[in-house]
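Undergrad: This is the structure I want to talk about, given as structure tokens.
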């Protein structure tokens with residue numbers, strides 16, 4: 001299956017990195033953080049799809065990403081978006097598809113494990129998960145550290161520093177029945193079982209994810225079935241958006 005989020009320049013977007021600064025004379029940007037710099041009275045704060053030049057430091061390797069320039073100070077690179085009623089299939093995907101990424105950057109998508117590793121292997125990164133529940137509640141989860149490992153490590157997850165006040169950490173516990181942490185778990189897909197469950201592959205029927213003994217949070221399930229457990233209650237959000245940025249990238 002062709003990767004819909006390919007590392008190819010598809011369009012010029014009016015901003016370019018020159019000597020480490022964002023400029024307005026056309027071309028790719030350096031990263032989503034770059035959109036916040038104010039050079040020559042030019043300050044872009046518009047969320048949307050952009051082309052990143054020299055993606056992850058690889059010369060002439062460019063990628064299209066969605067930059068969130070408003071949430072929590074901006075500078076975020078969105079790595080996944082789910083919305084109830086969306087038309088992108090997440091569950092019935094194999095290992096290669098989760099590696100490469102799929103979907104539509106203006107709608108539902110998964111950026112791809114390779115790109116997530118490439119981004120988060122460069123220094124420290126934080127994670128923000130914005131969500132909306134079926135009752136209309138909007139909130140977010142925040143982690144001070146987030147990284148995705150290499151292919152050789154089966155894209156092992158590193159996540160810590162949960163600091164969302166008043167909520168339990170769904171990557172560690174469901175609030176009533178403590179679970180083994182998903183930190184340091186390897187990615188599992190329906191055709192590659194890396195979880196610790198003694199009862200088969202957790203991705204069978206639930207989509208690829210970082211599982212331990214299955215999970216209290218999983219955003220790659222079918223529409224209306226992706227979920228997270230907060231304070232002992234399992235919720236099925238109507239919207240979820242995962243995004244990352246370096247911790248020093250708050251330019252609001």
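The values are calculated or read from the model by the stated rules, or taken from the named source; none is laboratory data. On a predicted model such as this, the values are computed, not experimentally measured, just so you know. Using ideal geometry, Cβ is built from the backbone for each residue, glycine included, and neighbour counts are taken over all protein chains shown.
Undergrad: Could you check segment 122-148 and list, in sequence order, the residues that are surrounded by fewer than 21 Cβ atoms within 10 Å (Cβ to Cβ), part of a loop (DSSP other than H, G, I, E, B) and touching a strand residue (DSSP E or B) at 6+ places or on another chain (Cβ under 7 Å)?
TA: Scanning segment 122-148 gives 124, 133.
Undergrad: Restrict the check to segment 91-98 and report whether at least one residue is surrounded by 17 or more Cβ atoms within 10 Å (Cβ to Cβ), on the phi > 0 side of the Ramachandran plot, part of a loop (DSSP other than H, G, I, E, B) and in contact (Cβ under 8 Å) with a residue 12 or more places away in the chain.
TA: no
Undergrad: Does segment 65-85 hold any residues that are surrounded by fewer than 18 Cβ atoms within 10 Å (Cβ to Cβ) and either touching a residue at least 60 places away in the same chain (Cβ under 8 Å) or in contact with a strand residue (DSSP E or B) (Cβ under 6 Å, 6 or more places away or on another chain) (or both), and which are they?
TA: 71, 72, 73, 83, 84, 85
Undergrad: Evaluate segment 196-206: report whether one residue or more is within 19 Å of residue 238 (Cα to Cα) and surrounded by 20 or more Cβ atoms within 10 Å (Cβ to Cβ).
TA: Yes, some residue in segment 196-206 is within 19 Å of residue 238 (Cα to Cα) and surrounded by 20 or more Cβ atoms within 10 Å (Cβ to Cβ).
Undergrad: Residue 57 passes all but one of (1) at positive phi; (2) at pLDDT 80 or above; which number fails?
TA: Against the list (1) at positive phi; (2) at pLDDT 80 or above, residue 57 comes up short only on (2).
Undergrad: Something else now. Can you work out which of the residues in segment 99-121 that are over 13 Å from the mean Cα position of the chain (by Cα) and assigned to a loop (DSSP other than H, G, I, E, B) is nearest to residue 33 (Cα to Cα)?
TA: Only one residue tops the list, namely 121.
Undergrad: Looking at (1) under 13 Å from the mean Cα position of the chain (by Cα); (2) more than 17 Å from residue 221 (Cβ to Cβ); (3) part of a helix (DSSP H, G or I), which one does residue 78 not meet, given that it meets all the others?
TA: For residue 78, the exception is condition (3).
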